[in-house]
Amino acid sequence: MKKNMTTTAGNPICDNQNSMTAGLRGPVLVQDYQLIEKLAHQNRERIPERVVHAKGSGAFGELTINHDISQYTKAKVLQKGKKTRLLLRFSTVAGESGAADAERDVRGFALKFYTQEGNWDLVGNNTPVFFIRDAYKFPDFIHTQKRHPVTNLRSNTAAWDFWSLSPESLHQVTILMSERGLPQSYRHVNGYGSHTYSLINDKNERFWVKFHFKTKQGIRTLTNKQAAKIIAEDRESSQKDLFYSIENEDFPKWNFQIQIMTEEQAKTCAFNPFDLTKVWPHKDYPMIDVGEMVLNENPKNYFNEIEQSSFSPSNIVPGIGFSTDKMLQARIFSYPDAHRYRIGTHYEMLPVNRPVNEVNTYHADGSMNFAVRERTDAYYEPNSFNGPVENSVHNEPSLAIEGDAARYNHRDGNDDFSQVRALFNLMNDNQKSQLFSNIAESMQGVPDEIVNRQLALFKQVHKDYESGVKKALGF
Ligand code: NDP
């Protein structure tokens, strides 16, 4: 037997086809409440789209830990044999929610692990580095990726102007303009936690860590030309690929690996290991196998489970900690702030964001607070009524901070070129020529002054980088 259709208050509906009118051809009556409810809900079907990473796709899956890394961390989610359900949301960065998938852009790689010690979110990208290292530049950088306030068009001039004035962007710009800057699908990208985080073991010792997820499907990319053809026919190429792979039980997988740096090593490291524009070279900090991640379950409802999913690097579990990376520190604030605005104060009560363990806070009231609370006199803390209490066992080891509080110039004395050179030297001739032509294409219409400033940066990486781009530009 079919279920009864109801109003949101659960009242049965007698007719969902015909408005109630005064006479056959007469006006609609205000008392036709179901019509009003339907139209009012339609007006509210959209929530503000994400300022960045608005276009995305996601799926649920499982993380399995196959190796013993308990010497580095006590986190229960990272103990050998552990399996943990997860949500992974992929995205492009700059495009609005209706943008095409097959665009040259960084791909978001945002993970939420539903662990027994609360949610652990690892909110990274398909690249190990980022365009900036100080969050003061975050809104400025994003403005260059979005639309010009007058023309309402995307502006290559703004992008290259900002990049050419911000040498710290060179590493990420080179990856973005390389063949990996335009992935064939979400299944064919690596994921990186990007920031340096910390791991803490059961002796309360701290290790610095980088998280990596290497695609088992292999890296696959598109040329600009191939992507243009795809976009002309299909704006949802990545969504389709991910959804139907999972629907057809061709479950995508990633190897989960980490790199470890001791606190002592960090003190003598030649570069700042907390700088988001740098990687840790593999030969100095070798990859350590940890486990495997699989995506094996499509969302039942895109809006509920993907559009409303909210990830934040502030969500960590005992045994995993932050680092002094300035960008990480800023994201710890800005991500939850975005969700409170975009979804609402109690966004973490929604099923997709809700931890699987018990949540006990003293936060009160606020919009959409739909927690079912026990009757209690313990609505503040400390109290004499057996309310939840802190547990000092979760105290991290103290972290020594050095120096005077000041606005240190984050561009002074920074080597923005060596790691880019290492990447450039890894590329074969074909990859280099794709890099040059992708850059030249994206510089069309950009004023000479800006192009020349950027060419001077390429030259500091490698003379062949500068000359290759010049040639592609037709100089
Ligand atoms: P390695 O030769 O040990 O590693 C090179 C890495 O570069 C591999 O992880 C490879 O990924 C990746 N890679 C290859 N081509 C590209 C590309 N076009 N865009 C982005 N990544 C690419 O050298 P190092 O560890 O010394 O690193 C050298 C340079 O490689 C770095 O300066 C950085 O630019 C880049 N890189 C380094 C990473 C790291 O964590 N050390 C991570 C990713 C990039 P894969 O194995 O999947 O092919």
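On the beta carbon distance between S398 and H282, with R0 = 35 Å, the FRET formula returns roughly 0.70. Once the chain from Q460 to H363 is taken as fully extended at 0.36 nm per residue, the excess over their C-alpha distance is 29.7 nm.
In percent, rounded to a whole number, the relative contact order of the chain is 18, using alpha-carbon pairs under 8 Å and six or more apart. Exposure proxy for K80, K3: other Cβ atoms within 10 Å of each Cβ, ordered fewest to most, give K3, K80.
Packing, taken as the mean count of other beta carbons within 10 Å per residue, orders the peptides 232-242, 189-199 from highest to lowest as 189-199, 232-242. Computed per residue of the chain from DSSP H runs no shorter than four, each worth -39500 (n - 2.57), the mean residue ellipticity at 222 nm is -8000 deg cm²/dmol.
Screening the chain for whole DSSP H helices with an alpha carbon extent of at least 30 angstrom along the helix axis and a mean Kyte-Doolittle hydropathy of at least -0.5 yields nothing. Taking max minus min of the alpha-carbon positions on each principal axis, the chain gives extents of 80, 64, 47 Å, largest first. Charge tally for H171 (other residues, Cβ to Cβ under 14 Å; Lys, Arg +1; Asp, Glu -1): +1.
Farthest toward the positive end of the dipole of segment 359-472, out of Y380, F417, N428, is the Cα of N428, where the dipole comes from beta carbon charges about the Cα centre. Note that segment 265-270 has calculated 3J(HN,Hα) couplings of 4, 4, 5, 10, 4, 5 Hz, one per residue in order, obtained from phi through the Karplus relation 6.51 cos²θ - 1.76 cosθ + 1.60 (θ = phi - 60°); glycine and proline are x. What you get for segment 213-290, charging only the Cβ of Lys and Arg (+1) and of Asp and Glu (-1), is a dipole of about 320 debye around the Cα centre. Structure note, pairs K3/K112; K216/K278; K146/K326; K278/K300; K146/K278: Cα-Cα distances above 28 angstrom occur for K3/K112; K278/K300.
Projected over every direction and averaged, the convex hull enclosing the alpha-carbon atoms of segment 310-449 yields 16.5 nm². Centre-to-centre, using Cα atoms only, segment 314-364 and segment 15-73 are separated by 23 Å. Exposure proxy ranking for M287, M327, based on other Cβ atoms within 10 angstrom of each Cβ and starting from the fewest, stands as M287, M327.
In terms of other Cβ atoms within 10 Å, F303, F211 run from fewest to most in the order F303, F211. Given a Förster distance of 45 Å, report the FRET efficiency between E247 and V150 from their Cβ-Cβ distance, rounded to the nearest 0.05. After rounding, the FRET efficiency stands at 0.55.
Coordinate-derived values only; no laboratory data. Values in this document were obtained by computation on a predicted structure and should not be read as measured data. Cβ coordinates were reconstructed from backbone atoms using ideal geometry, including for glycine residues, and neighbour counts include every protein chain displayed.
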